[in-house]
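The values are calculated or read from the model by the stated rules, or taken from the named source; none is laboratory data. What you see is a predicted model; the values in this text were computed from it and never measured. Cβ sites come from the backbone with ideal geometry, for glycine too, and all protein chains shown count toward neighbours. In case anyone asks, the SASA skips ligands and DNA or RNA and just uses the protein heavy atoms, side chains included. Shrake-Rupley method; radii C 1.70, N 1.55, O 1.52, S 1.80 Å.
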Amino acid sequence: MIRIGITGIAGRMGRLLAEEVLGAGVLAGGTLRPGSAALPPDGVPILADIAALAAASDVVIDFTHAAAVSTHAAALAAAKTPWVLGTTGLFDADEGAVAAAAREVPVCAAPNFSPGVTLLLALAERMAAALPAESYDAEIVEMHHRQKVDAPSGTALGLGRAVAAGRGVDLAAVMESGRHGQTGARKPGAIGFAALRGGQVVGEHSLIFAGANEHIALSHRAFDRRIFAQGAVRAALWLVGRAPGLYTMRDVLGLGAQ
């Protein structure tokens with residue numbers, strides 16, 4: 001049986017992950033956020049830190065905070081432990097740490113572990129390639145619960161990257177986010193983002209291609225964050241035994257590279 005470790009196991013996602021792991025493999029244990037007063041699930045071994053968790057696990061699932069990514073990357077690479085990473089809001093240095101870890105161990109990183117969103121990303125890229133930027137404006141709208149700390153969401157950015165890839169451009173060069181005031185006319189080829197926050201929305205994403213004579217929309221709504229936990233556990237089981245490298249949920253689902 002594969003031993004699966006979970007970082008931040010007392011958190012909202014950590015608890016769901018623990019439940020899903022117990023139904024699919026062996027729960028090696030978890031770590032707690034430093035200073036956290038939250039209680040872990042009953043009977044779950046709590047390890048001192050990420051290094052101890054990596055040593056006790058065949059694969060680690062990580063949905064914690066961007067501030068921990070570089071530390072986790074170094075520890076997992078040193079222990080040669082595969083890593084499933086669902087943390088979003090990463091900075092360039094964090095992305096570099098993930099890439100460095102992937103040279104030592106298999107890493108599955110995704111902005112969203114839902115199978116539905118994974119398919120949505122694949123469709124977004126194909127549609128962007130077929131609908132020319134000069135004729136179809138791409139706009140991405142997302143809404144999440146009030147506690148979410150990063151915007152646009154990782155999934156929204158994933159959709160933006162998929163559109164940019166389909167059009168053969170760099171997202172950073174064409175991204176427009178948080179329009180306000182006298183912004184002027186929409187720039188040709190721009191990919192727009194709007195982020196809504198409120199209530200306890202699990203996650204809603206829409207990609208709109210707006211042409212002069214038609215609009216095409218792709219949408220996904222998550223009703224329960226358990227779908228992310230189920231996808232992450234599926235990725236963890238798939239990842240064990242793979243060669244070092246950076247994988248995505250498209251690889252897990254057999255859809256090929258993005």
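Brief remarks on what is shown
- Within the stretch 23-54, the residues that satisfy the criterion of being under 22 Å from the mean Cα position of the chain (by Cα) and either of a type in the set (Lys, Arg) or farther than 16 Å from THR81 by Cβ (or both) are ALA24, LEU32, ARG33.
- Consider the stretch 102-113 and keep the residues that are out of contact with any Pro (no Cβ under 9 Å at 6 or more places or on another chain) and modelled with pLDDT of 95 or more. The one that is least open to solvent (accessible area, probe 1.4 Å) is PHE113.
- Of all the residues in the stretch 149-170, those that are touching a Gly at 6+ places or on another chain (Cβ under 9 Å) and surrounded by fewer than 17 Cβ atoms within 10 Å (Cβ to Cβ) number 3.
- Residue ID - most open to solvent (accessible area, probe 1.4 Å), chosen from residues in the stretch 192-237 that are out of contact with any Asp or Glu (no Cβ under 6 Å at 6 or more places or on another chain) and among the charged types (D, E, K, R): ARG234
- Some residue of the stretch 129-149 being closer than 22 Å to ALA66 by Cα, of a type in the set (Lys, Arg) and in contact (Cβ under 8 Å) with a residue 24 or more places away in the chain: yes
- Residue within the stretch 88-98 that is out of contact with any strand residue (DSSP E or B) (no Cβ under 7 Å at 6 or more places or on another chain), in contact (Cβ under 8 Å) with a residue 12 or more places away in the chain, over 21 Å from VAL252 (Cα atoms) and open to solvent by less than 10 Å² (accessible area, probe 1.4 Å) present: no
- In this entry, ALA74 is excluded by the filter for residues that are within 20 Å of the chain's Cα centre (by Cα), closer than 20 Å to ALA165 by Cα and among the hydrophobic types (A, V, I, L, M, F, W, C).
- Conditions (1) closer than 25 Å to ASP49 by Cα; (2) more than 18 Å from the chain's Cα centre (by Cα); number of the one not met by GLU95: (2)
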